[in-house]
């Protein structure tokens with residue numbers, strides 16, 4: 001498979017996950033003004049004619065259908081306050097005097113992919129089981145979030161979190177079986193995903209040289225996505241000082257061994273122990289402007305720049321500077337190499353999987369039976385928690401305590417719904433929520449296990465969907481995705497070209513579409529570790545308002561595309577900000593953690609952190625230290641097996 005790098009072209013027919021991701025507040029603060037889009041969001045409405053500022057052509061959405069809600073979503077207001085009071089303030093609540101429901105066989109805390117898959121696996125083994133799934137959000141799916149818009153009468157669907165099924169051929173047999181159970185046939189995406197679409201439109205991956213950082217601003221082709229001849233020309237055209245252009249060309253050309261004084265056997269160890277930024281500055285002797293040009297090229301994959309990723313990881317991601325080192329690829333396994341292209345994408349991302357799971361668990365909640373008709377299926381949210389059905393899903397409910405009952409083979413679970421404390425009894429409980437909250441809701445948990453759960457710092461991120469009235473300016477500019485080395489948003493990209501289940505991807509530049517915008521709150525230039533950057537970045541995005549994001553979106557788009565006719569007032573129809581302070585599961589980083597944790601020769605803290613507590617088991621991708629669908633599915637399989645092994 002061709003991938004971007006020193007000497008490769010980026011053909012969309014072979015696009016990889018790395019190619020796409022690399023290229024491409026607690027509500028309002030005191031005294032803040034409502035922005036035009038937030039005013040629309042707070043009224044529960046969505047624009048219908050692409051005129052967000054004047055509010056013309058408004059089409060009402062319903063508060064009972066969360067995917068159509070705009071404004072601040074993701075960890076939205078009302079979803080986190082109780083957990084924060086519990087974890088930050090040590091707040092406690094009196095127990096309910098009596099049980100709210102009849103006992104359940106299984107209670108699942110968290111309606112993300114691992115929680116829904118846990119219910120699915122349990123039901124396969126116990127077809128007559130009574131199951132309750134609870135979640136603190138107003139929608140199911142966790143980070144697998146769906147956003148919907150209607151612009152000029154056209155339906156638009158976007159993903160607000162978990163993006164695609166990555167490398168399904170490499171899934172465990174158990175995770176592949178879950179896909180099979182749901183009717184997901186990965187081979188069909190070869191028809192649904194138009195891998196030649198943007199190439200036919202003569203659109204490429206671009207890099208934006210922002211005002212104030214370069215001697216002149218503007219869009220140009222990203223040299224990392226160009227062939228040899230074009231890349232050389234691009235580098236010499238970039239608005240960098242002549243010496244910096246020469247240095248970048250030398251780095252890209254890749255003939256020099258920057259570690260020539262290091263014994264061959266020690267090169268890999270050295271690259272694993274230094275950041276790519278360190279490699280560029282202290283070994284390749286690159287000037288600062290070249291380093292800053294490269295620093296955030298892969299930020300969407302890890303939620304970190306190359307100041308906090310190893311030089312060896314940069315080598316795996318085919319960043320420039322390593323060809324002259326002549327490393328033995330057999331000694332550097334590359335997880336990004338796959339014979340499968342990165343095309344297994346529902347129009348709503350992995351929300352498609354969440355919706356398939358909910359429909360299988362609660363068939364009366366939505367019509368249909370296949371992976372195609374799930375795309376346009378409308379879920380009846382009022383029927384998710386139907387008392388007459390064996391599997392129930394209860395939203396806007398936050399668990400505050402779970403305790404095994406001595407000698408009774410049961411768990412008492414307390415939760416808050418609608419401001420009231422409720423208590424439920426279940427034979428088995430699976431915690432498929434954010435693992436950081438578990439020490440606060442499981443009082444029986446041993447101290448060492450609590451400490452283990454404190455280690456991972458989930459990766460904060462903001463996934464924003466901008467509903468566009470048209471994409472004519474993008475087409476005129478000739479770019480479908482952008483990298484902005486110095487921008488608040490490092491990556492912007494027009495939607496994946498996927499048509500399936502009666503949903504059609506935009507075909508012409510004058511048609512509406514979705515623009516996907518990513519903000520990753522890194523803290524660079526301070527020598528901070530990955531975990532420290534995640535922790536501080538989380539606080540930053542909690543204190544940003546919808547208006548803050550809107551302002552940055554408009555500013556960046558008009559600066560980049562204004563010369564090509566982009567007008568935010570006319571071209572932006574709606575904005576949905578999916579804020580995830582607790583985003584990706586933390587994956588071990590070889591620059592900061594022992595290599596044994598990564599290669600499996602030593603147990604990382606997640607192994608102790610997920611240890612079973614009697615009739616309580618722990619799932620979620622956190623517990624696998626893997627931020628992918630198969631991590632969530634494998635966690636579900638393991639947790640259900642733990643609970644049922646002794647009674648099967």
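The values are calculated or read from the model by the stated rules, or taken from the named source; none is laboratory data. Every value quoted in this text rests on a predicted model; they were computed, and no experiment measured them. When we count neighbours, we look across all protein chains shown, and the Cβ atoms used for this are built from the backbone with ideal geometry, even at glycine.
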Checklist entry - Scanning region 426-450 for residues that are out of contact with any helix residue (DSSP H, G or I) (no Cβ under 8 Å at 6 or more places or on another chain) and surrounded by 18 or more Cβ atoms within 10 Å (Cβ to Cβ), which turns out farthest from residue 364 (Cα to Cα)? => result 442
Next on the checklist: Quick check on this structure: which one of 466, 459, 514, 498 is farther than 17 Å from residue 157 by Cβ, touching a strand residue (DSSP E or B) at 6+ places or on another chain (Cβ under 7 Å) and modelled with pLDDT of 95 or more?
Outcome noted: 459
Checklist entry - So, in region 158-183, of the ones that are buried (at least 24 other Cβ atoms within 10 Å of the Cβ) and not in a loop (DSSP other than H, G, I, E, B), which residue ends up farthest from the chain's Cα centre (by Cα)? => result 178
Item to check | Counted residues, region 482-497 - those being surrounded by fewer than 24 Cβ atoms within 10 Å (Cβ to Cβ) and within 28 Å of residue 185 (Cβ to Cβ) | outcome: 3
